[in-house]
Structure formats: structure tokens, C-alpha cells
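Asker: What follows is a structure written as C-alpha cells; I'll ask about it next.
The values are calculated or read from the model by the stated rules, or taken from the named source; none is laboratory data. Bear in mind that the values here come from a model prediction, so they are computed numbers and not experimental data. Here the Cβ positions follow ideal geometry from the backbone for every residue, glycine too, while neighbour counts run over all protein chains shown. Calculation scope for accessible area: heavy atoms of the full protein, side chains included, ligands and nucleic acids excluded. Shrake-Rupley method; radii C 1.70, N 1.55, O 1.52, S 1.80 Å.
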Amino acid sequence: MVTTDNRPRVLYVTHRVPYPPDKGDRIRNYHVLRELAKVARVWLAALADEPVTDAQQSALNGLCERVAIIPVGGKSRWVKAGVSLLTGKSLSEGLFNEGKLTTQLNAWANETKFHSTLISASSLARYQRLPALSELPAHVDLVDVDSQKWFDFADATRGPKSWLYRLEGQRVRKLEQALASTASTLSLVSKAETDVFNGFTKPNAAITATNGVDLKYFHPMNTVPPKPACAFVGAMDYFPNIDAAVWFATEIHPHVRASYPEAQFHIIGRKPTAEVLKLGTLPGVQVFGTVPDVRPYVAAARLAVCPIRVARGLQNKVIEAMAMAKPTLSAPAAMAALQAIPGVHLLRPTTVQEWVRAICELWLDIDRREELGNAARSYVEHYHDWTICLSPLIQRVVA
């Protein structure tokens, strides 16, 4: 019996391999792919800056009609980035400029009639402008306002880094403004990000499609009693996470230990830099680095903390800890994308003194920790279901 699959054919191009969903962009891209695969036939082309295992390939094959993994890396990548900067474009556009990807997309376009294209970042826009694809509806999942991120980095640093970050912000903003006039859909992860983007482009230029959390995977795990520790999860080669870990370890944790000498600060996350590893020499600070599963580390700690001072978009680490019913403390910048109510679903300290006081008040108050944890789990169940969160984007891609 011959069956016909009439679902629309969608070409999805990502700047990194969207599996496993173990860090910010991979988490988002994986769930976009999973939701898209429910209603469309997907051709996935992904750039890879690290080795891809057979297990990764197999998982993606199970969701897609075709999968192409295009390796990028080495000195030539940075040469392309430099040329991009010298010709008036952003470093990001140069970093993701790969001829083999162009060849692959052209080959697919010649043999397949696509319904639309979707890319995972503004830096991939060049591929939607390929002659073979340029007439198709072009959708861009911006996620965050990257130009503003670079401006934030510039404000948080000094010297040549600050200058380079600001220049990158200016170049990326030009790209974002151009996309506002050409793309069929631009999506961002929160209303706060959407408002920023629409403010420098035009009203209603972008829509909001926020992040969810895998509620079956991130579930409450009973650890009795939890260790006297604050847990911080994140990619530890990323500037905002590095800054947050250093700040908490040096400015907050010593004051907590003054009241509770047994207090520990656990740093969990891939690729810790030398600066982060050095924190492990401080009293009560332990750097775990890359772990196969972050959940036991979060579950085992008394509190989850996200002391990020420079942040855009939505912090997955926050809603994942909340989904595990872990009492969570988050800096204001890390929860701007959430509808959570401070004091009800989580705590939002703003100064060193407030951080120390909030942690110390929760340290021995089991009832208050349980109250916050239960409210946190209820919040993510209501607001962060992936299917509902991504539907504004998915519906447009397949329309």
C-alpha cells in the first residue's frame, strides 16, 4: 500500500548540532526541531564545531527526512570572521560562513520543493538568500536580541574587548534591522526581548515564542537531606556564567560561610575556564565541570542560584531548577523573561546584602524551601510547556 506524506517540507538550518539538548542553544533548537517534526517533513543542516557521535546522528535521523552535519573550525574559520569584519559585516556572519553548507543546501533545493526555510540565528541569513531558496518564506528564530547582548558585554568589559564587542553589536544590529524588512517571521524568546527588538526596528516586527522545559526529565528528585550547598549550573566557558561564578564565589559565598561554615558553592557546567577552575581553591567552593547529568547535582543541593549579572533572553538553568521543585534564587537580569512572581515562585535578590540575607534565611527553614519549590514547579507546569511555547513560531513556519 502506497501512502503519501503531504506535510510541508521545511529546511531547517542551525548554527550548532541540536542534540543532545545540554546547553542553551541546543535545548532551544532541539525542541524546535521536535515540534516541527510533528507537523512537517524536516531537512536539517547543522554546522558542527565539535565531533558528532553516532548516537547524535541517530537521534536526529529519527526526527528528520534528511540530516547533513557540516564540520566547521580551525584557523580558516577565524580568517573568514576577520574578512567579514573588514568588509562591514559581523564576526558572527564570518564564523558561520561555510562553503560546504552552501553546496549541500543547493543540492537539496535542486531535488526538493521546500515549503519554507527556518534558521536558528541571524548570522545564518546568508543561506536564506541563496538563489535556490530566496523565493521561499524565510523564518528566523532570533531567540535573543544578539546585538544588545554584544552591547551589554561591551558595557561589562574594558579595553580592546569592549571595543570589539561594541563593534560586533553595531554590525549585528544592522543585520537584525535588515531582517525586519525581509523575513516572513522573526521570533524571540520573551516579550522583553521582543519589545527591545521592535523598539529599534518597527512595531510588530517580531513575535514571542518562549522556551519550555522538559517536565518529565526535570522532575522533583527527593534527596534527604540535601547537602548544605548552593548549586549553579551553566556553560563555564561563557562570559556571563564565568562572571556570575566569580562574583558569587568571592562576594557572596564568604558571607554565607561566616554564618554557616559548612556552606558550599557547587559550580556545575561544561568546559570551565582556568578562571573558574581557580575558584575551586577557595574555601567551600567545588568546581565539578562537565557532568553526564546535572539533575543529581541540583537535586542534592539545598538551593539553586543563578547570580548572572549580564543576561539576555531566558535562562534555561532557572526554569529547569524550578521544574525540579528546587528553591531558586535568581538575579534580576536572569529572570527578566519570566512571568514568575518574586517571593512566590522564586527569590530575586539584587544586592550582595540581599543575596546573603535570602540564602541565610532559607538555610534552615525547611518549610519555606518546600513552599518555594512547590510553587516553582507549579509555575513551570503552567507557563513552560514546549508545545504551547513554540506554537506561535511553528504555526507560521508551516502555514
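Asker: So is Ala376 of a type in the set (A, V, I, L, M), free of Cβ contacts under 8 Å to residues at least 40 places away in the same chain and either more than 27 Å from Lys149 (Cα to Cα) or not in a loop (DSSP other than H, G, I, E, B) (or both) or not?
Answerer: On the way: of a type in the set (A, V, I, L, M): yes; free of Cβ contacts under 8 Å to residues at least 40 places away in the same chain: no; either more than 27 Å from Lys149 (Cα to Cα) or not in a loop (DSSP other than H, G, I, E, B) (or both): yes.
No: the conditions fail for Ala376.
Asker: Related question: For the range 330-356, give me each residue that is open to solvent by less than 20 Å² (accessible area, probe 1.4 Å), in a strand (DSSP E or B) and either in contact (Cβ under 8 Å) with a residue 40 or more places away in the chain or of a type in the set (A, V, I, L, M, F, W, C) (or both).
Answerer: Leu346 - this is the single residue of the range 330-356 that is open to solvent by less than 20 Å² (accessible area, probe 1.4 Å), in a strand (DSSP E or B) and either in contact (Cβ under 8 Å) with a residue 40 or more places away in the chain or of a type in the set (A, V, I, L, M, F, W, C) (or both).
Asker: Take the residues in the range 12-27 that are in contact with a strand residue (DSSP E or B) (Cβ under 6 Å, 6 or more places away or on another chain) and of a type outside the set (Phe, Trp, Tyr), then tell me which one is surrounded by the fewest Cβ atoms within 10 Å (Cβ to Cβ). I'd like the intermediate steps shown before the answer.
Answerer: Just the residues of the range 12-27 that are in contact with a strand residue (DSSP E or B) (Cβ under 6 Å, 6 or more places away or on another chain), to begin with: 12-15, 17.
Adding the requirement that they be of a type outside the set (Phe, Trp, Tyr) leaves 13-15, 17.
On the way: Val13: 25, Thr14: 25, His15: 21, Val17: 24.
Applying the filter and picking the extreme gives His15.
Asker: If you go through the range 246-272, how many residues are of a type in the set (Lys, Arg) and loosely packed, with under 15 Cβ neighbours inside 10 Å? Show your work before the answer.
Answerer: Looking only at the range 246-272, we keep the residues that are of a type in the set (Lys, Arg), and these are 257, 270-271.
Cutting the leftovers down to loosely packed, with under 15 Cβ neighbours inside 10 Å gives us 271.
Adding up the residues that qualify gives 1.
Asker: Let me ask another. Being among the charged types (D, E, K, R), open to solvent by less than 40 Å² (accessible area, probe 1.4 Å), under 29 Å from Glu50 (Cβ atoms) and outside any loop (DSSP other than H, G, I, E, B) narrows it down to one of Glu320, Glu275, so name that one. Working first, answer last.
Answerer: Numbers: Glu275 fails: open to solvent by less than 40 Å² (accessible area, probe 1.4 Å).
Going through Glu320, Glu275 in turn, just one is among the charged types (D, E, K, R), open to solvent by less than 40 Å² (accessible area, probe 1.4 Å), under 29 Å from Glu50 (Cβ atoms) and outside any loop (DSSP other than H, G, I, E, B): Glu320.
Asker: Looking at (1) open to solvent by 20 Å² or more (accessible area, probe 1.4 Å); (2) in contact (Cβ under 8 Å) with a residue 60 or more places away in the chain, find the lone condition where Leu86 falls short.
Answerer: (2)
Asker: Continuing with the same structure: Tally up the residues in the range 197-239 that are charged (D, E, K, R), in contact (Cβ under 8 Å) with a residue 24 or more places away in the chain and closer than 25 Å to His139 by Cα, please. Quick ask: steps written out before the conclusion?
Answerer: So in the range 197-239, the residues charged (D, E, K, R) come out as 202, 214, 216, 227, 237.
If we keep only those that are in contact (Cβ under 8 Å) with a residue 24 or more places away in the chain as well, we get 214, 227, 237.
Subset that is closer than 25 Å to His139 by Cα: 214.
Result for the range 197-239: 1.
Asker: Return the residues of the range 98-125 that are crowded, with 18+ Cβ neighbours inside 10 Å and assigned to a helix (DSSP H, G or I); say none if nothing qualifies.
Answerer: Once the filter is applied, which keeps residues that are crowded, with 18+ Cβ neighbours inside 10 Å and assigned to a helix (DSSP H, G or I), the range 98-125 yields Leu101, Gln104, Leu105, Trp108, Ala109, Ser122, Ser123, Leu124, Ala125.
Asker: Ok, one more. Has the range 44-55 got any residue that is surrounded by 15 or more Cβ atoms within 10 Å (Cβ to Cβ) and closer than 27 Å to Ile388 by Cβ?
Answerer: Yes, the range 44-55 contains at least one residue that is surrounded by 15 or more Cβ atoms within 10 Å (Cβ to Cβ) and closer than 27 Å to Ile388 by Cβ.
Asker: Follow-up question, since we're still on this one. Filter the range 149-179 for residues that are modelled with pLDDT of 95 or more and polar (S, T, N, Q); which is farthest from Gly88 (Cα to Cα)?
Answerer: My answer is Ser162.
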